[in-house]
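A short worksheet on the structure shown next.
Here, each number is a calculation from the coordinates, and none is a lab measurement. These figures come from a predicted structure and were not determined experimentally. Counting neighbours? That spans all protein chains shown, and the Cβs are built from the backbone with ideal geometry, glycine included.
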């Protein structure tokens, strides 16, 4: 196992609601990246946090936001949920912002009705 | 055009068969390349890194051709347990301060008895 944990495992929300997903990084890792994986697609990069700062962002609207805490765990927040936000949300931890080895957590499966 | 494109498959092969997956990437600044394996409803797991010199890990051989921007994965003597989705991945960090994994859409492999 990678030592990366995510909660909750599954979540059902309705359109317009807000959601917070959580990720605990592997011990010794200071970087967390978040990815969205829609059904039948590969994961897409949302953003990366390094030492509590957003360090890079993919093509996602501002209603996707995040935080990283002093212990390097991280949250992904999504406001004004849309049906298309239904996906598997994956976090990956690494030992640096440019590290090529990212370890994935088991993911949170979000369903928006 | 997607940054990383894969043979869509699906591939259905008998046990013992040899199967090859192909992938192309469009960002010539991509630094590192990988093959990930993803089982149904699970997180992606690193299968192997890909080098220009080619690398082999047991029944798996990966190859990178930077001139053609082409990546391949060969699986010999397929096992039932090889059934999964195989994701071609590029690490893009050129000109940025963060490492973003860019995934292909994945190729589904089913190995049957």
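Between residue B:68 and residue A:38, the C-beta separation translates, for a Förster distance of 35 Å, into a calculated FRET efficiency of about 0.75. As a length-normalised measure over Cα pairs under 8 Å and 6 or more apart, the relative contact order of segment B:54-113 settles at 27 percent. The length gained by stretching the chain between residue B:26 and residue B:39 to full extension, at 0.36 nm per residue less their Cα-Cα distance, is 2.0 nm. Averaging 1/r across all pairs of distinct Cα atoms in the protein assembly as shown and inverting the result yields a Kirkwood radius of 18.0 Å.
Largest first and in whole Å, the equivalent-ellipsoid semi-axes of chain B read 25, 14, 12, each the square root of five times a Cα gyration tensor eigenvalue.
If R0 is 35 Å, what FRET efficiency do you get for residue B:18 and residue A:95 from their C-beta distance, rounded to 0.05? Working from the Cβ atoms, E equals 0.45.
Residues of segment B:18-37 with backbone nitrogen within less than 14 Å of a virtual label 7 Å along the Cα-to-Cβ line of residue B:53, please, listed as ranges. Under cut-off, by backbone N: nothing. Across chain A, Cα pairs under 8 Å and at least six residues apart give a relative contact order of 37 percent. Taken over chain A, the percentage of Cα pairs per 5 Å bin, counting from 0 up to the bin with the maximum distance, is 2, 14, 25, 27, 19, 10, 4, 1. Normalised by the number of residues in chain B, the mean separation of alpha-carbon contacts (under 8 Å, six or more apart) gives a relative contact order of 37 percent.
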